[in-house]
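Q: Sending over a structure as structure tokens; questions will come in a sec.
The values are calculated or read from the model by the stated rules, or taken from the named source; none is laboratory data. Note that the structure is a prediction, hence the values are computed from the model and not measured. Please note: Cβ atoms are built from the backbone with ideal geometry, for glycine as well, and neighbour counts cover all protein chains shown.
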Amino acid sequence: KAGVTQTPRYLIKTRGQQVTLSCSPISGHRSVSWYQQTPGQGLQFLFEYFSETQRNKGNFPGRFSGRQFSNSRSEMNVSTLELGDSALYLCASSALWGAFFGQGTRLTVV
Amino acid sequence: KNEVEQSPQNLTAQEGEFITINCSYSVGISALHWLQQHPGGGIVSLFMLSSGKKKHGRLIATINIQEKHSSLHITASHPRDSAVYICAVLETSGSRLTFGEGTQLTVNP
């Protein structure tokens, strides 16, 4: 059974640009959630999608958005990148009995 | 007060020592995860627990649902165990994870 796949693994962007990250969940999982980890900070909840609908949203500005497709794959987008957006972005797919984690995408904004 | 509290925040041990990291939570959960993160690295899931105890090599994880508490134990610690260990709970709705702040473990040779 394939795990949670995040692409790309590493990314360097310039301030002001926008970025799209992708997450393919475990087959059969309909819930995908996204988290941000900045240097020295814990993992902060961004949002969660279930069956193509955003079910929960964390306390992040509107520059952070996401979507989920009919095959449960999810993307998150960050527009007008700021230096402070440099972080590890982690995706998790979950069912009621537990969650599975991707390796994360490490985004560096310069 | 955080919904997931870990202790200690930092832990330094000598190689061979027995290590315990604790996690307490205040929400209803369907599962609890112990994660490991090496510097600059991604996050690796060590255990997923909903009851009882699990063992994998030198690592043991336990959970007490009634007391809302879990522990991660490392026996015969080794310098390669040096990492941040994170407790995460999956809320009963199954929709979101809440993470502890992590425990920075350093094992000296």
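Q: List pairs: first in the range B:90-101 and without any contact (Cβ under 8 Å) to a residue 60 or more places away in the chain, second among the hydrophobic types (A, V, I, L, M, F, W, C), Cβ under 8 Å, 6+ apart or cross-chain?
A: B:Ser95/A:Phe50; B:Arg96/A:Phe45; B:Arg96/B:Leu90
Q: Could you list, in sequence order, the residues of the range B:29-55 that are under 15 Å from the mean Cα position of the chain (by Cα) and free of Cβ contacts under 8 Å to residues at least 24 places away in the same chain?
A: Pass one, the range B:29-55, residues under 15 Å from the mean Cα position of the chain (by Cα): B:31-38, B:43-55.
Those that are under 15 Å from the mean Cα position of the chain (by Cα) and free of Cβ contacts under 8 Å to residues at least 24 places away in the same chain: B:Val44, B:Ser45, B:Met48, B:Leu49, B:Ser50, B:Ser51, B:Gly52, B:Lys53, B:Lys54, B:Lys55.
Q: Here's something else I'd like to know. Which condition breaks for A:Phe64 when tested against (1) at pLDDT below 95; (2) farther than 22 Å from B:Val44 by Cβ?
A: Among (1) at pLDDT below 95; (2) farther than 22 Å from B:Val44 by Cβ, the lone unmet condition for A:Phe64 is (1).
Q: Hey, another quick one. Answer yes if at least one residue in the range A:40-63 is out of contact with any Gly (no Cβ under 9 Å at 6 or more places or on another chain), β-branched (Val, Ile, Thr) and within 13 Å of chain B (Cβ to nearest Cβ), and no otherwise.
A: Scanning the range A:40-63 turns up at least one residue that is out of contact with any Gly (no Cβ under 9 Å at 6 or more places or on another chain), β-branched (Val, Ile, Thr) and within 13 Å of chain B (Cβ to nearest Cβ).
Q: Looking only at residues in the range B:16-26 that are surrounded by 13 or more Cβ atoms within 10 Å (Cβ to Cβ) and in a loop (DSSP other than H, G, I, E, B), which one is nearest to the other protein chains (Cβ to nearest Cβ)?
A: Ranking the qualifying residues of the range B:16-26, first place goes to B:Ser26.
Q: Quick check on my filter: what residues within the range A:56-72 are buried (at least 17 other Cβ atoms within 10 Å of the Cβ) and over 14 Å from A:Gln36 (Cα atoms)?
A: Scanning the range A:56-72 gives A:Gln68, A:Ser72.
Q: Within the range B:56-77, track down each residue that is surrounded by 13 or more Cβ atoms within 10 Å (Cβ to Cβ) and in contact (Cβ under 8 Å) with a residue 60 or more places away in the chain.
A: B:Ser77
Q: Taking the range B:78-109 only, how many residues are in contact with a helix residue (DSSP H, G or I) (Cβ under 9 Å, 6 or more places away or on another chain), surrounded by 17 or more Cβ atoms within 10 Å (Cβ to Cβ) and not β-branched (Val, Ile, Thr)?
A: Applying the first criterion (in contact with a helix residue (DSSP H, G or I) (Cβ under 9 Å, 6 or more places away or on another chain)) to the range B:78-109 yields B:105-109.
Going one step further and asking which of them are surrounded by 17 or more Cβ atoms within 10 Å (Cβ to Cβ), we end up with B:105, B:107.
Narrowing further to those that are not β-branched (Val, Ile, Thr): B:105.
Matching residues across the range B:78-109 total 1.
Q: How about the range A:85-110: which of its residues are assigned to a loop (DSSP other than H, G, I, E, B) and within 14 Å of chain B (Cβ to nearest Cβ)? Lay out the reasoning, then the answer.
A: As a first pass, look at the range A:85-110 and keep what is assigned to a loop (DSSP other than H, G, I, E, B): A:86, A:96-97, A:102-104, A:110.
Selection gives A:Ser86, A:Leu96, A:Trp97, A:Gly102, A:Gln103, A:Gly104.
Q: Going through B:Ala83, B:Ala76 one at a time, which residue ends up being of a type in the set (A, V, I, L, M) and more than 27 Å from A:Arg9 (Cα to Cα)?
A: Details: B:Ala83 fails: more than 27 Å from A:Arg9 (Cα to Cα).
After ruling out the rest, the residue left standing is B:Ala76.
Q: Right, another one. Grab the strands (runs of 3 or more DSSP E) fully contained in the range A:1-84, keeping just those with 2 or more residues being under 22 Å from B:Ile86 (Cβ atoms) and touching a residue at least 60 places away in the same chain (Cβ under 8 Å). Steps first, please.
A: Details: elements: A:5-7, A:10-13, A:19-24, A:31-37, A:43-50, A:53-57, A:64-68, A:74-78.
Answer list for the range A:1-84: A:5-7, A:19-24, A:31-37.
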